[in-house]
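A short write-up of the structure that comes next.
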Amino acid sequence: MKKLSSSEIRQMWLDFFASKGHHIEQGASLIPKNDPTLLWINAGVAALKKYFDGSEVPPSRRITNAQKCIRTNDIEHVGHTARHHTFFEMMGNFSIGDYFRKEVIPWAVELLLSEKWYALDKDKLYITYFPSDLETKKCWMDAGISEDHLIPQSGNFWEIGAGPCGPDTEMFYDRGEKYDPQHIGIDLLKNDMENDRYVEIWNIVFSQFNSEPGKKREEYKELPSKNIDTGAGLERLACIIQETDTNFETDLFFPIIQEVERLTGHKYDENHLAFRVIADHVRSITFALADGEMFSNEGRGYVLRRLLRRAERYGRVLGINEPFLYKFVALVSEIMHSYYPYLDNKKDFVAKMIKAEEEKFIKTLANGESLLLKAIDGKDTLDAEDMFRLYDTFGFPKELTMEICEEHHVKVDMDGFNALMEEQKQRARAARGDRQSMNKQSFDLMNCTLASEFIYDKEPIECKVIALFKDGEKVDSITTRGEIMLDRTNFYAESGGQVADTGEIENEETSLKVTNVIKAPNKQHLHSVEVRYGEVKVGDKFIAKIDEERRLRIMRNHSSVHLLQKALSEVLGDHIAQHGSFVNDEYSHFDFNHFTKMTPEQINAVERKVNAWISEAIPCETKVLPIEEAQKMGAKALFNDKYGDTVRVVCFDEVSKEFCGGTHVSNSQDIGVFVIEYEESVAAGIRRIQARTSSGAYELIKHRENLLNNVKDKLNTLSFEDINNRLTALLNEKEALKKANEALNDKLSFINSQMMKNSFIERDDLSLLVSYQKGQSRNELLSIIDNLKQGKDNYIIALLGDENGSVPIVVACSKKANEKGYKAGALVKAMAQVLLGGGGGRDELASGSGRDTSKVEAAIQLVKEMVK
């Protein structure tokens with residue numbers, strides 16, 4: 001077996017399949033594009049689903065890749081096992097309707113065993129297959145694998161909902177007796193037992209059927225296009241080839257572990273779990289942030305926050321109580337540089353984001369601990385709701401909650417907490433909806449290669465129908481609704497954040513309403529139509545008429561977004577990058593990275609710049625160029641988007657140059673006017689501007705003017721200029737009244753306390769006062785108690801009030817009373833129990849609340865009986 005680095009293993013995989021005629025597909029971003037069923041790209045095939053379900057035609061029928069992935073469904077297991085990771089790389093080879101078993105199995109044997117390639121030991125290679133898939137078994141034997149190394153397994157069938165499915169075959173490598181302490185041997189594999197001896201290194205799925213819920217597998221229909229989908233984990237192969245005990249000792253992880261050793265002074269062997277969690281999680285966080293994700297309290301950003309906080313916790317276990325994860329970003333970039341050189345340009349930005357999040361979490365730990373201590377004060381069990389709130393709202397790790405509770409001899413309601421966690425998961429599943437993970441193939445659309453031309457012209461054009469479909473299936477005619485393909489069209493198809501054109505397709509006999517336009521698998525524009533009258537057939541000639549006024553509004557909004565991005569860069573800084581956009585005929589959205597809310601001055605500055613460029617009447621020029629030339633001229637591109645060899649660049653002189661396939665005005669002055677409607681946060685570190693142009697901007701300005709007129713009338717001012725002075729005067733008046741009210745309340749509390757001083761009951765040297773104060777709030781009761789305590793050194797004061805239908809309770813006990821066994825917290829609990837409420841606090845001062853106002857007198861008598 002060769003000694004190879006992880007980089008050499010990855011490159012060897014790609015080189016091997018390139019030699020077999022495969023196109024090397026660039027790895028996709030970890031953030032799924034146009035796939036709401038996925039939180040992350042979590043498998044090698046995930047970014048290629050568009051090819052397998054037929055929604056897009058692949059660049060080649062043979063594809064190979066090395067795809068970065070994140071899986072976080074069981075984060076808690078990471079670090080406890082030898083091979084479990086949140087971030088990993090899946091190497092794959094894929095056939096979309098090209099080769100099948102007879103080709104891929106001999107290739108697998110060649111790649112794994114040949115001296116030219118990985119040169120693994122043939123005697124240590126074992127294969128599982130689906131019991132009825134005897135063709136696969138024969139192919140392995142024909143390739144030289146002995147029958148006693150072929151093991152049938154009923155679980156070897158890949159199927160996820162409706163869509164492509166089929167049997168699979170898995171390759172395992174025997175690492176020897178060292179990893180089989182009970183000497184069970186091959187039964188570990190035959191009985192599918194969890195073990196560290198036989199490690200799965202590669203899985204090949206023979207995707208040949210269309211799964212249909214409710215039918216037996218033997219009833220599934222064969223796919224019109226049979227596929228191969230494979231996956232081999234780089235980390236596992238590295239573990240085998242580099243002969244390490246676990247994946248964590250490979251060159252993918254161990255440099256990070258060694259740096260943790262240097263930073264902490266602890267050795268890896270002292271605490272494998274802590275070192276592994278840190279090494280794994282910092283890889284996930286680094287790549288996810290570099291791919292454009294941000295920390296947040298929802299979705300992917302929430303996952304990243306969980307990963308960081310879990311790593312931080314294990315940093316605390318190793319004695320690190322300050323930000324430290326950010327220090328590993330450069331090392332991750334260095335380890336992965338050969339295949340992911342883009343990390344080098346992102347590492348400083350990513351490190352800053354991680355450090356800022358770490359600093360926030362350190363504060364969260366302090367705040368969370370304070371909240372937790374309050375929640376357990378006077379209790380013997382922490383409520384599940386409090387624990388869940390700390391975990392879900394404040395990000396306080398449950399493990400720390402359990403640790404602190406144990407230190408304070410407080411039990412934890414884990415069953416209740418787990419039930420609340422399960423409810424949260426159910427809500428998340430429901431929110432994601434009943435979306436299918438892999439669509440059924442549309443054979444007709446996949447194989448429609450008819451030529452169709454898109455023309456950037458808003459004037460009506462002549463065209464001819466070249467194909468008709470209904471729900472993706474080819475039809476001869478349409479009389480109600482369906483999809484049509486034209487030999488030439490000026491209807492823009494939805495893409496690049498711009499909505500599709502709408503309009504009409506008509507001739508003398510037939511009128512069609514175009515409601516939407518999308519791109520078919522082979523990039524033709526597919527028009528969704530409703531038949532107003534007549535019938536449409538292939539070969540019919542029509543006049544295509546887009547809604548020109550709507551198109552013009554869209555063009556204005558789209559062009560303004562290009563100018564907006566440039567203005568943001570000049571006002572906020574060069575770090576500004578697009579994180580999404582949406583353009584329709586009413587408004588535009590532009591999402592960009594920025595850490596703080598824009599100030600009104602910054603918003604005004606951006607707005608002024610865009611309008612200045614509009615007034616300069618800058619011509620708009622579009623160029624179709626080789627991508628290298630476009631990049632040299634400084635044209636901006638979306639980081640996560642993939643582009644072909646040639647690109648379309650939209651230029652407003654030297655002000656703005658962007659890769660863009662959308663529709664635009666011919667001159668900036670055609671935009672008219674630009675107004676920012678609002679700026680808001682849409683995720684952690686991501687801001688959104690909504691803007692309007694031309695008549696839309698005018699309507700927004702008039703709307704704001706009407707609101708100001710209403711305010712002016714209500715304030716009884718003569719002009720807009722007087723509004724600010726009038727509001728300032730009213731706010732000052734409100735503040736003065738608030739202070740006067742507080743002073744009066746203080747006086748009333750003092751008078752009440754003076755009247756109550758004669759109500760103390762003297763018991764030996766202890767002064768006791770128990771009283772119900774109708775209409776008094778908790779804060780007012782506290783103020784009265786402060787006055788009553790003056791001049792007394794041994795007292796118990798218990799006051800009940802009346803606030804919004806509940807009974808606030810406040811009890812104060814002197815230290816001398818405490819020494820006699822009287823505790824404020826215990827007295828509050830006793831009173832609250834009578835009043836059907838709750839409460840607690842310190843020995844000297846405690847508070848609570850009751851719900852049953854009819855039991856006030858009983859609560860008062862109870863305290864008098866308890867203090868003897």
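The values are calculated or read from the model by the stated rules, or taken from the named source; none is laboratory data. Because the structure is predicted, anything quoted here is derived from the model rather than measured. Please note: Cβ atoms are built from the backbone with ideal geometry, for glycine as well, and neighbour counts cover all protein chains shown. Calculation scope for accessible area: heavy atoms of the full protein, side chains included, ligands and nucleic acids excluded. Shrake-Rupley method; radii C 1.70, N 1.55, O 1.52, S 1.80 Å.
Numbers at a glance
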quantity	calculated
Efficiency of FRET from Cβ geometry, residue 519 and residue 804, R₀ 45 Å, rounded to 0.05	0.15
Peptides 734-745, 198-209 ordered by average Cβ neighbours within 10 Å, highest first	198-209, 734-745
Charge-dipole axis of the range 645-743 as Lys and Arg at +1 and Asp and Glu at -1 on Cβ define it, positive-most pick from 740, 716, 684	740
Expected 222 nm ellipticity per residue - DSSP helices of 4 or more, -39500 (n - 2.57), all of the chain, to 500	-12000 deg cm²/dmol
Cα shape, the range 240-375, gyration tensor, a/c 1.5 rule	oblate
Cβ-derived FRET efficiency at R0 60 Å, residue 338 paired with residue 134, nearest 0.05	0.90
Per-residue SASA entry for residue 755, accessible area with 1.4 Å probe, Å² rounded to 10	130
Computed accessible area, residue 694, all protein chains, 1.4 angstrom probe, square angstrom	30
Net lengthening on full extension, residue 459/residue 426 (0.36 nm per residue, minus Cα-Cα)	6.8 nm
Most positive-pole-ward Cα, 263, 499, 646, against dipole of the chain from beta carbon charges	263
The chain - accessible surface per residue (Å², probe 1.4 Å)	47
Point-charge dipole on Cβ atoms (K/R +1, D/E -1) for the range 60-210, about Cα centre, debye to 20	480
Hydrodynamic radius of the range 534-647 per Kirkwood, over alpha carbon pairs, in Å	17.1
Kirkwood-Stokes translational diffusion coefficient of the range 471-516, alpha-carbon pairs, 4 °C, 1.567 mPa s, µm²/s	106
Whole-percent carbon and sulfur share, accessible surface of the range 110-219, 1.4 Å	47
Farthest positive-ward along the range 48-177 dipole, Cα basis, beta-carbon charges - from 117, 79, 169	117
Protein-only accessible surface order, largest first, of 761, 797 at 1.4 Å	761, 797
The range 830-840 - phi-based ³J(HN,Hα) in whole Hz, Karplus 6.51/-1.76/1.60, Gly and Pro as x	5, 5, 4, 5, 5, 8, 6, x, x, x, x
Within the chain, percent of DSSP bridges classed antiparallel, to nearest 5	90
Gyration tensor (alpha-carbon) shape descriptor, the range 83-166, a/c threshold 1.5	rounded
Carbon plus sulfur fraction of accessible area for the range 524-645, probe 1.4 Å, in percent	48
Estimated inter-spin distance, residue 403 and residue 471, nm [label 7 Å along Cα→Cβ]	5.7
Extension gain from residue 681 to residue 374, taking 0.36 nm per residue of separation minus the Cα-Cα distance	107.3 nm
Per-pair calculated FRET efficiency, R0 = 56 Å: residue 716 and residue 77 via Cβ, rounded to 0.05	0.25
Fraction in percent of alpha-carbon pairs per bin - 10 Å, the range 1-122	12, 36, 35, 16, 1
Hz values of 3J(HN,Hα) by residue in the range 306-314 - Karplus curve (6.51, -1.76, 1.60), Gly and Pro given as x	4, 4, 4, 6, 5, 5, 4, 4, 6
Simple Cβ-charge dipole of the range 241-396, Lys/Arg +1 and Asp/Glu -1, about Cα centre, in debye nearest 20	440
Prolate/oblate/rounded label for the range 478-593 (Cα gyration tensor, a/c 1.5)	prolate
Solvent-accessible surface ranking, highest first, for 473, 194 at 1.4 angstrom	194, 473
For residue 280, solvent-accessible area (1.4 Å; no DNA, RNA or ligand), Å²	0
Alpha carbon Rg of the range 589-668, scaled by the compact-globule rule 2.2 N^0.38 Å	1.26
Cα-Cα over 20 Å, subset of 2/116; 379/864; 68/355; 346/636; 355/642	379/864; 68/355; 355/642
Contour excess over end-to-end distance, with Cα ends at residue 297 and residue 415 and 0.36 nm allotted per residue	40.0 nm
Using alpha carbons only: equivalent-ellipsoid semi-axes of the range 364-419, gyration tensor based, whole Å	14, 14, 9
Kirkwood-Stokes translational diffusion coefficient of the range 688-836, alpha-carbon pairs, 4 °C, 1.567 mPa s, µm²/s	65
Cα centre as origin, Lys/Arg/Asp/Glu Cβ charges: the chain dipole, Debye	1680
Kirkwood Rh in Å, taken over all unlike Cα pairs in the range 138-244	15.8
The chain: mean projected area of Cα convex hull, nm²	49.1
Sequence of 62, 217 from largest to smallest accessible area, 1.4 Å probe	217, 62
Antiparallel %, DSSP beta bridges [both residues in the range 730-868], to 5	75
Cα pair count fraction exceeding 11 Å, expressed as % - the range 776-820	64
